[in-house]
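Working notes for the structure below.
The values are calculated or read from the model by the stated rules, or taken from the named source; none is laboratory data. It should be emphasised that the depicted structure is a prediction, and the values quoted were computed from it without experimental measurement. When we count neighbours, we look across all protein chains shown, and the Cβ atoms used for this are built from the backbone with ideal geometry, even at glycine. Each accessible area value is taken on the protein alone, full model and side chains, heavy atoms only, with ligands, DNA and RNA left out. Shrake-Rupley method; radii C 1.70, N 1.55, O 1.52, S 1.80 Å.
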Amino acid sequence: MNIKLYTYTASVVLITAIFLLIGCEKIPTQVITAAPVDKVAVATISEIDTSGIIGTATFKEVDGGVHVVIEIQNATSGLHAMHLHTGSCTDIGPH
């Protein structure tokens, strides 16, 4: 009678192991590497005094500093002076 019990137990263990191995083979294996995340901030440039000028300023951290890209829409052609500060121009005072 012990032989039947051992045979039954061994069969159950073997079948369970086979199902586990078959199931594990279907799990896709893939190495996922985390790429460094760029540190980027974008500021909205708002219209002042119905000028129609709008845009964005994009700040990206680079080795040893910050790279700034300013994109303006609705400005007249030619060179223009540009400066940045937090808040609004009324918070800073006259320019």
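Results, tabulated for the structure shown:
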read-out	value
Count - residues of segment 44-70 that are under 22 Å from the mean Cα position of the chain (by Cα) and of a type in the set (D, E, K, R)	3
Test for I45: is it open to solvent by less than 100 Å² (accessible area, probe 1.4 Å), at pLDDT 80 or above and at negative phi	yes
Long-range neighbours under 7 Å by Cβ, at least six apart or interchain, first residue modelled with pLDDT under 65 within segment 1-28, second part of a helix (DSSP H, G or I) and open to solvent by 90 Å² or more (accessible area, probe 1.4 Å)	none
